[in-house]
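Read through the structure below, which is laid out as structure tokens, and then see the notes.
The values are calculated or read from the model by the stated rules, or taken from the named source; none is laboratory data. What you are looking at is a predicted structure, and each value in this text was computed from that prediction instead of being measured. Ligands, DNA and RNA are stripped out before the accessible areas are found, and what is left, the full protein with its side chains, is counted by its heavy atoms. Shrake-Rupley method; radii C 1.70, N 1.55, O 1.52, S 1.80 Å.
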Amino acid sequence: MKAIIIGAGMGGLTAGIALKRIGYDVDIYERVTEVKPVGAALSLWPNGVKCLNYLGLHEQARTLAGQMDTMAYVDGLDGSVMTQFSLEPLYKEVGQRAWPVARADLQLMLMDAFGLDRIHLGRELASVSEADGVVTATFTDGATVTGDLLIGADGAHSGVRTYVWGHKAERRYTGYVNWNGLIEIDESIAPATQWTTFVGEGKRVSVMPVAEGRFYFFFDVPLPQGLPNDRATYQNTLRENFRGWAAPVQKLIDSIDPARTNRVEILDIDPNPVWVKGRVAILGDSAHNTAPDIGQGGCMAMEDSVVLAIALQTNTYGIEDALIRYQDKRAPRAGELVLRARKRCDVTHAKDPEATAAWYADLRKEDGTHIMKGILANIEGNPLG
């Protein structure tokens, strides 16, 4: 069986590896001429890590991960600790640690695991068609490829999704801008083995350990959409938006390299239960573009890939039937998490100031129990337990 995958991001690469493991002949086509990671890092919660373990990538992925033993929320203005707790009870309950990783490291590992010779760069999709059990992808350079099925993993602006849905998706601005990147770990900012988040005024500043002695950092600020994006102004913009915040936040702003910092307006897409049309299916951001507020975007793409492969391997009533089974298993879970992340986003970024103030007050009474229950609710439903 021949599978065509459009997109060489996390979803496309994990889908490619999963399908190769069950005997499919797979090629991945990517529109860019050089694969660059979008975003500096991602939090792989146990459900995502278990997918990598299932794909035989445990040892490779483990070396990329930071050691995240504890979690804390800190008052961004006065620097007082609102809550701090160990993540060990969560890890013991689910049987796997979380692995925060630099996105570039993970992407390179996945590319090597899949096989660089089967990743075709500079191929921008123009159209998809299907006839007589054969799917054809046509690229803007006029080239075509055919296969028994096609998987759209081409991200938030997915052309394959447009084919499956019959119309372009409307992306929704969630109301905030995110700056993110990597710096060397500095314990005057936060402990080296802790995910630390400073909160206040509907804004967030966070650092999380990844491999090689680095912190992944991000800043969130509620701002209008469409403001100019000029790297030269990043630090001044952050100083302005976090004026009066505690010393660790100021030191983090001073430490960033604007040339290596990403600025992203955060958007999502309303959930849609349709992920399949004939022998064409979508996964990852193509199927469920979500805000990053519960840290499940990458994990969901990996879950999609594993469930897709299992559906194709275990159901023998035809590819169309297997893809529908994949859709029916994945769309409800992913759609729920998109809405959960949206709700979380509204609270953390003061869309309702009273709700945000109540959350801050609750954090000062939190012993980790409710936060870990929330994390568990996000990772429950993982196809691998």
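Observations on the structure shown:
- Expressed in units of 2.2 N^0.38 Å, where N is the residue count, the Cα radius of gyration of the range 103-219 is 1.53.
- Directionally averaged projected area (convex hull, Cα atoms, the range 56-154), nm²: 11.3 nm²
- Remark: the range 188-253 projects, on average over all directions, an area of 5.2 nm² (convex hull of Cα atoms).
- Accessible area (Å², per residue) of the chain, counting only protein heavy atoms and a probe of 1.4 Å: 42 Å²
- Counting all C-alpha pairs of the chain, share separated by more than 31 Å (%): 35 percent
- Taking all protein chains together, Arg204, Arg172, Arg260, Arg364 sort by accessible area into Arg260, Arg364, Arg172, Arg204, largest first [probe 1.4 Å].
- In the range 8-122, one over the average inverse separation of all distinct C-alpha pairs is 15.9 Å, which is the Kirkwood hydrodynamic radius.
- Calculated diffusion of the range 244-375, Stokes-Einstein form, Kirkwood radius summed over Cα pairs, 10 °C and 1.306 mPa s, µm²/s: 90 µm²/s
- Taken as Cα centroids, the range 297-327 and the range 231-281 sit 31 Å apart, rounded to the nearest whole angstrom.
- One Cα centroid belongs to the range 167-183, the other to the range 35-107; the line between them spans 21 Å.
- Amide proton proximity set for Ala350, modelled H, under 5 Å, gap of 5+: none
- Here the range 226-325 exposes an accessible surface that is 48 percent carbon and sulfur, computed with a 1.4 Å probe and the other protein chains kept in place.
- Qualifying lysines (Cα of each under 25 Å from Cα of Lys373; at least 8 residues distant if same chain): Lys50, Lys92, Lys203, Lys329, Lys343, Lys351, Lys365
- Counting every pair of alpha carbons in the range 297-385, the share spaced more than 15 Å apart comes to 68 percent.
- Averaging 1/r across all pairs of distinct Cα atoms in the range 127-286 and inverting the result yields a Kirkwood radius of 18.7 Å.
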